[in-house]
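Participant: After the structure tokens below, expect a handful of questions from me.
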Amino acid sequence: MSLGTILSYPNNPRVAKAKIAAAYNGLAFDEKMFDLMTERDEAFYQRFPVGKVPVLEGKEVDLFESNAIGYYAALQNADSPLLGKTPAEKALILQWVLFSENELQTNFSQWLSPLMGYSPYLKPSVDAAIEKVKRALGALDKVLLSRTYLVGEDITYADIAVATSLVFPYKLLFDKSFRSQYKNVTRYFNTVTGKKHFKEHLGQIQLCETPLKYVPPKKEKKETKKQETPKKEKKPAAAAAADDEEEAPKPPPKPKSKLDLLPPSKFIMDEWKRMYSNNDTDVAMKWFWDHHDPEGYSLWKVDYKYNDELTLIFMSSNLIGGFFARLEMARKYAFGSMVVTGVNNNNAISGYFLIRGQEVPFEVYDAADYDSYNFVKIEPSQYEEKKDEIYKYMAWEVDGFADGKIFK
């Protein structure tokens, strides 16, 4: 019997999660390919307000979270052991379902998405995600040292959620060397995905041999033809002197920014930008605090004034991009990390800026979008209490992080 139709893209492990849970109860889902770019319309948002897939068009209910769809399938059999028999088992299963989302899936996505070109590659962000993945796998490896399954002596929904979260990483990221660090997790993954219903919906999983790596896009070389400048004919000295008298006076040199007239600083902005771009965030931030010049530069907390009007995450991210595009004059004098936190229809924009001098300069406040943001100066006396928060914004580890952009 079919529980409804799941809309998604091909070979989505999140869909397999629900189909495996249904199979353990002798049920099934129909599946239909869905193109978000062409088929997602207002009617879709009315039924599924988050606007993502997979979603379930059910006979009894419409659902838009994969774990809710899988949980719905597991609930169809009141005697099914998938969701545990005692309150303790039920709580443990929920624990591992949340672990699969918050500790595994979220961090895998932030590692894998930039490598596949789905989001911008920023080395500190990817490195931070990798470290979080390692921490999660280390914890899981310890738990599995003496267990075959996560809860009890057989497959539960906890195993379905965790194992399906590991599919893409084991196929695309975890090579033999990496897997050797987490032998218990690898044994567990092979054991669980070797079960009949897992193989039926996941297929034969080929473990990664060569992990995905970031490849910078190639820059196209533009062919420029040298234009030959015609040689000037020599004129008699008298004629040349007459020409000189007729030449218009040269325009005065372009006035410098007021920021260029500030006393020299030991802190070099370009060095900081290179340090941030090419190193882990903890290394970069140590360098920052070792070299920061509070007299020559100031730190500012920046918050968008109209967060209650924000809707979709990608639109909020585009707002940041538009603001940054209008700050071109400030590129020499400023550095910023702005992030979007929250979810669709309930998100916020905030961040930190480092700016030359002690005031918000013309190069920043002249930007068309400046009035949409609050700039609050962080005084040197506040640095110690703000260090952790500033680090999180620079590493994109702010609670609820959804997207971010760097101005440099």
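Participant: Quick check for me: using +1 on Lys/Arg Cβ and -1 on Asp/Glu Cβ, what's the dipole size of the chain about its Cα centre, in debye to the nearest 20?
Facilitator: In total the dipole reaches around 1520 debye.
Participant: Would you please give the FRET efficiency between Gln46 and Lys171, computed as 1/(1 + (r/R0)^6) with r the Cβ-Cβ distance and R0 = 45 Å, to the nearest 0.05? Please report the intermediate quantities before stating the final value.
Facilitator: On the way: r = 35 Å, r/R0 = 0.79.
Plugging the Cβ-Cβ distance into 1/(1 + (r/R0)^6) gives 0.80.
Participant: Further question: Taking the chain as a Gaussian network, Cα atoms linked when under 10 Å apart, which of Leu262, Leu327, Leu83 shows the biggest mean-square fluctuation?
Facilitator: Leu262
Participant: Relative to the longest principal axis of the C-alpha atoms of the chain, give the angle of the C-alpha long axis of helix 123-143, reported between 0 and 90° and rounded to the nearest 10°.
Facilitator: That works out to roughly 20 degrees.
Participant: Could I ask something else about it? Which of the residue pairs Lys52/Lys301; Lys176/Lys286; Lys286/Lys405; Lys171/Lys386; Lys17/Lys85; Lys387/Lys408 have a Cα-Cα distance greater than 30 Å in the structure shown?
Facilitator: On the way: Lys52/Lys301 32 Å; Lys176/Lys286 33 Å; Lys286/Lys405 21 Å; Lys171/Lys386 40 Å; Lys17/Lys85 21 Å; Lys387/Lys408 20 Å.
Correct reply: Lys52/Lys301; Lys176/Lys286; Lys171/Lys386.
Participant: Around Glu379, what is the net charge, scoring Lys/Arg as +1 and Asp/Glu as -1 over all other residues with Cβ under 14 Å from its Cβ?
Facilitator: Details: positive: Lys301, Lys377, Lys386, Lys387; negative: Glu295, Glu359, Glu384, Glu385.
Around Glu379, the charge tally is 0.
Participant: May I ask what percent, to the nearest 5, of DSSP beta bridges between residues of the stretch 2-74 are antiparallel? All intermediate terms of the calculation are to be shown ahead of the outcome.
Facilitator: Working: 6 of 11 bridges.
The antiparallel fraction comes to roughly 55 percent.
Participant: Pick from Gln206, Gln105, Gln358: which residue has the top mean-square fluctuation in a GNM of the chain where Cα pairs under 10 Å get a spring?
Facilitator: Gln206
Participant: I would also like to ask the following. By the gyration tensor of its Cα atoms, with a ≥ b ≥ c the square roots of the eigenvalues, what is the shape of the stretch 81-202: rounded for a/c under 1.5, prolate for a/b over b/c, or oblate? Intermediate results must be reported in sequence, preceding the final value.
Facilitator: Numbers: a/c = 1.85, a/b = 1.71, b/c = 1.08.
It comes out prolate by the Cα gyration axes.
Participant: Something else: Roughly how many debye, to the nearest 20, is the charge dipole of the stretch 2-74 about its Cα centre, given +1 on each Lys and Arg Cβ, -1 on each Asp and Glu Cβ, and no other charges? Walk me through the numbers before you get to the answer.
Facilitator: On the way: 8 positive and 10 negative charges, 58 e Å.
It works out to roughly 280 debye.
Participant: On to the next question. Would you mind getting me the FRET efficiency between Asn346 and Asp282? Use the beta-carbon distance for r and R0 = 41 Å, nearest 0.05. Don't jump to the answer; show the numbers that get you there.
Facilitator: On the way: r = 31 Å, r/R0 = 0.75.
Once the sixth-power term is evaluated, E becomes 0.85.
Participant: Here's a follow-up. Here are labelled values, [x] 0.98; [y] 1.03; [z] 1.12, and one is the computed Rg/Rh (Cα atoms, Kirkwood Rh) for what I pasted. Which one?
Facilitator: Here the calculated entry is [z].
Participant: Something else about it: Please work out whether the stretch 110-165 counts as rounded, prolate or oblate from its C-alpha gyration tensor, where a ≥ b ≥ c are the square roots of the eigenvalues and a/c under 1.5 means rounded, while otherwise a/b larger than b/c means prolate and anything else oblate? Working shown, then result.
Facilitator: On the way: a/c = 5.41, a/b = 2.15, b/c = 2.52.
Oblate shape, in that a/c is at least 1.5 and b/c is the bigger or equal ratio.
Participant: How big is the charge dipole of the stretch 81-202 about its Cα centre, in debye rounded to the nearest 20, if each Lys and Arg gets +1 on its Cβ and each Asp and Glu gets -1 on its Cβ?
Facilitator: Numbers: 16 positive and 11 negative charges, 60 e Å.
Here the stretch 81-202 has a charge dipole of around 280 debye.
Participant: To the nearest 0.05, how large is the calculated FRET efficiency for Thr5 and Gln358 if R₀ is 56 Å and r is the Cβ-Cβ distance?
Facilitator: On the way: r = 61 Å, r/R0 = 1.08.
For Thr5 and Gln358, the calculated efficiency is 0.40.
Participant: Continuing with this model, one more query. Multiply the residue separation of His291 and Ile268 by 0.36 nm, subtract the distance between their alpha-carbon atoms, and state the gained length in nm to one decimal.
Facilitator: Numbers: separation 23, 0.36 × 23 = 8.28 nm, distance 0.87 nm.
Stretched fully, the His291-Ile268 segment lengthens by 7.4 nm.
Participant: Once the mean 1/r over all distinct Cα pairs of the stretch 2-74 is inverted, what Kirkwood radius in angstroms do you read off? Show your work: numbers first, answer last.
Facilitator: On the way: mean 1/r = 0.0828 Å⁻¹.
So the Kirkwood estimate lands at 12.1 Å.
Participant: Considering the alpha-carbon set of the stretch 259-407 alone, what are its Rg and its Dmax in angstrom?
Facilitator: In Å, with Rg to one decimal and Dmax whole: 14.9, 46.
Participant: Kindly rank 360-367, 301-308 from highest to lowest mean number of other beta carbons found within 10 Å of each residue. Spell out each step's value before the answer.
Facilitator: Values: 360-367: 17.0, 301-308: 15.0.
Sorting 360-367, 301-308 by mean packing, highest first, produces 360-367, 301-308.
Since every read-out is calculated from the coordinates, none of them should be taken as a lab result. Keep in mind the model is a prediction, meaning the values are calculated, not measured. Positions of Cβ are generated from backbone atoms using ideal geometry, with glycine treated the same way; all protein chains shown enter the neighbour counts.
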